[in-house]
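In what follows, a single structure is set out as structure tokens and then discussed.
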Amino acid sequence: MERLDKRLANTGRWSRREIRELIRAGRVCVDGRVVRSPEEKCASTSTFQVDGMVVAGEAVVYLMLHKPAGLVSSTEDPRQPTVFSLLPEHLRRAGLFPAGRLDKDTEGLLLLTNDGLLAHSLLSPRRHVDKTYFVRVDGVLDEGDAAAFEAGLTLADGYTCLPAGLELLEASDTAVITLREGKYHQIKRMLAQRGKPVIYLKRLTMGPLKLDPSLGPGEWRPLTGEEISALRGGSP
């Protein structure tokens, strides 16, 4: 048995003072019941929730992965290899999951973590966290495409996207796209609507987090303290 405040402190998610305030405010549940005493003793098998979100009782992990093409962004898949095949065994057992998936043939920045609260904050539709992508298309991109993205492009199924950015690059078939939402195959569907199918796509940023240029495809590293703090800056 271990004190509740110590178990939550072990996650590295909050300071001891912040944990005590959360508990006394009734925002923490242990095994489905609200607990208001930081000194409450918890079993090793206890489950925790803060503001309704499940929190792992072990230390949180944050990894930046340069996802290569050919791997799926799933914790497991019976038919094809996943990004977790790139990690050592002890990290595969750490309860990690992708915070925002990438298509199998898409490369670039992928955040792997077991911090459910942070992942929920980053992925919440209400947050509109910007994500940028480098794209190459079969065709020539122009100011008309940029204007269509800025206006909020309507897809073939009738869905109207939020306004997005399309920055034309020197090569006429390339651009940097900024999205504030993450619908299924969104960039591919948007550019298909413009008659310019995607032939290469790479995520560069997610909120304040930028893909480390020193990471080659398939390589990963832990996030720095500064990167974690930046990600948490807008989280609840």
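Observations
- Meets criteria (among the small types (Gly, Ala, Ser) and either in contact with a His (Cβ under 9 Å, 6 or more places away or on another chain) or not assigned by TED's automatic domain parsing to the domain that holds residue 214 (or both)) for residue 74: no
- Hits in the stretch 58-93 (condition: buried (at least 18 other Cβ atoms within 10 Å of the Cβ) and modelled with pLDDT under 85): 60
- Against the criterion of being at pLDDT 85 or above, assigned to a loop (DSSP other than H, G, I, E, B) and either of a type in the set (Lys, Arg) or in the same structural domain as residue 177 (by TED's automatic domain parsing) (or both), residue 36 qualifies.
- Qualifying residue in the stretch 155-166 (condition: crowded, with 17+ Cβ neighbours inside 10 Å, assigned to a loop (DSSP other than H, G, I, E, B) and either at pLDDT 95 or above or not assigned by TED's automatic domain parsing to the domain that holds residue 99 (or both)): yes
- Scanning the stretch 202-231 for residues that are among the basic types (Lys, Arg) and buried (at least 17 other Cβ atoms within 10 Å of the Cβ) yields 202, 203.
- Residue 205 being of a type in the set (S, T, N, Q), touching a residue at least 60 places away in the same chain (Cβ under 8 Å), closer than 19 Å to residue 102 by Cβ and assigned to a strand (DSSP E or B): yes
- Within the stretch 128-154, tally of residues that are under 27 Å from residue 209 (Cβ atoms), among the β-branched types (Val, Ile, Thr) and either free of Cβ contacts under 8 Å to residues at least 60 places away in the same chain or assigned to a loop (DSSP other than H, G, I, E, B) (or both): 1
- Strands (runs of 3 or more DSSP E) completely within the stretch 45-97 that count 1 or more residues being under 17 Å from the mean Cα position of the chain (by Cα): 53-55, 62-67
The values are calculated or read from the model by the stated rules, or taken from the named source; none is laboratory data. What you see is a predicted model, and the numbers here were worked out from it, not measured in a lab. Please note: Cβ atoms are built from the backbone with ideal geometry, for glycine as well, and neighbour counts cover all protein chains shown.
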